[in-house]
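Worksheet: the structure to be examined is printed underneath.
The values are calculated or read from the model by the stated rules, or taken from the named source; none is laboratory data. Because the structure is predicted, anything quoted here is derived from the model rather than measured. Cβ placement follows ideal geometry from the backbone for every residue including glycine, while neighbour counts extend to all protein chains displayed. Accessible surface is based on the protein model in full, side chains and every heavy atom, while ligands, DNA and RNA are left aside. Shrake-Rupley method; radii C 1.70, N 1.55, O 1.52, S 1.80 Å.
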Amino acid sequence: MTRSPDPSPQFSRRRLLGLGVSGGSSLLLGGCALNGLSEQVGQASEPLNQRLEVLLQGRGPVPEFRPDQVDPAALLINSFNGTPRLDPASYRLRVEGLVSRPLQLDLTALSALPQYGVVMRHVCVEGWAAIVAWSGVRLADVLTLAEISPLGGYVEIESADQYFESWDRASAMHPQTLLATAMNGAPLPVANGAPVRLATPIKLGYKLSKWVTRLRVVSDLGVRRGTWEDQGYEWFAGL
Ligand SMILES: Nc1nc2c(c(=O)[nH]1)N[C@H]1C(S)=C(S)[C@@H](COP(=O)(O)O)O[C@H]1N2
Ligand SMILES: [Mo]
């Protein structure tokens, strides 16, 4: 997919979002051919999606792209509630809920954990995609450090702009799922979620929360499932 030549596609983008909600997952994924699993997952109902987690875990890592395939111009900024500016010095990532060791990690603590990179295709349901290189820590390492309970089947993700997400445990623990602090070899820009955002090649763009402030491990999904999911978007949103 290529970037729209129209530099201010706000209205048409909103319309596309509306179509996505009513048109179903095949439209959401239309044209962004990634692999067969995306279609299966996209068209399945939620319980089936959750069973597909087993498949997801069993299929191994998602193939990555080469660093020279990164296309910074293709990554559009998609923020729906402004751009929060978090002070890096006072920033804390809170990890709570069904964990034996609740955490408040500052950026120094995050940078002390093993660092990983992923070069992946970011796919937005509004009809664009971009190859991006993210780096940071594995979400799995943070959840393991917090001693996640076996009863913690889901992770709720809060962001500074009130964006909300919830993920299944298997996707959160996937080795390519990162809490990214850098993008395309440079510190993460504020517009793209600084100081910390989610990145993974296994889920659609709207699952990849920017400005993450709090992770809460829970046993069941709550009434709120996600900013877009609560308006009809598919919850698992696997690629
Ligand atoms: N906190 C927060 N995270 C968010 C969003 C948002 O509005 N707020 N938009 C989502 C959507 S729909 C997409 S496609 C990506 C866009 O990431 P980018 O702006 O870095 O390209 O962020 C996702 N994460
Ligand atoms: Mo998106």
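Between Tyr116 and Gln231, the modelled labels are 3.2 nm apart [label points 7 Å from Cα along Cα→Cβ]. One decimal place: the segment Phe80-Ser149 gains 21.5 nm when fully extended, by the rule 0.36 nm per residue minus the C-alpha distance.
For Ser219 and Ala89, the difference between the fully extended length at 0.36 nm per residue and the C-alpha to C-alpha distance is 43.6 nm.
Solvent-accessible area per residue for segment 64-231 at a 1.4 Å probe radius, Å²?
Each residue of segment 64-231 exposes 40 Å² on average to a 1.4 Å probe.
If R0 is taken as 41 Å, the Cβ-Cβ distance between Asp71 and Ser100 corresponds to a FRET efficiency of 0.45. Of the residues Asp87, Asp141, Asp161, ranked by 1.4 Å probe accessible area with the largest first, the sequence reads Asp87, Asp141, Asp161. Expressed as a whole percent, the accessible area of segment 64-231 that falls on carbon and sulfur atoms is 53 (1.4 Å probe). Taking a point 7 Å from the Cα of Val190 along the Cα-to-Cβ direction, the residues of segment 82-109 with backbone N closer than 12 Å to it are 83-88.
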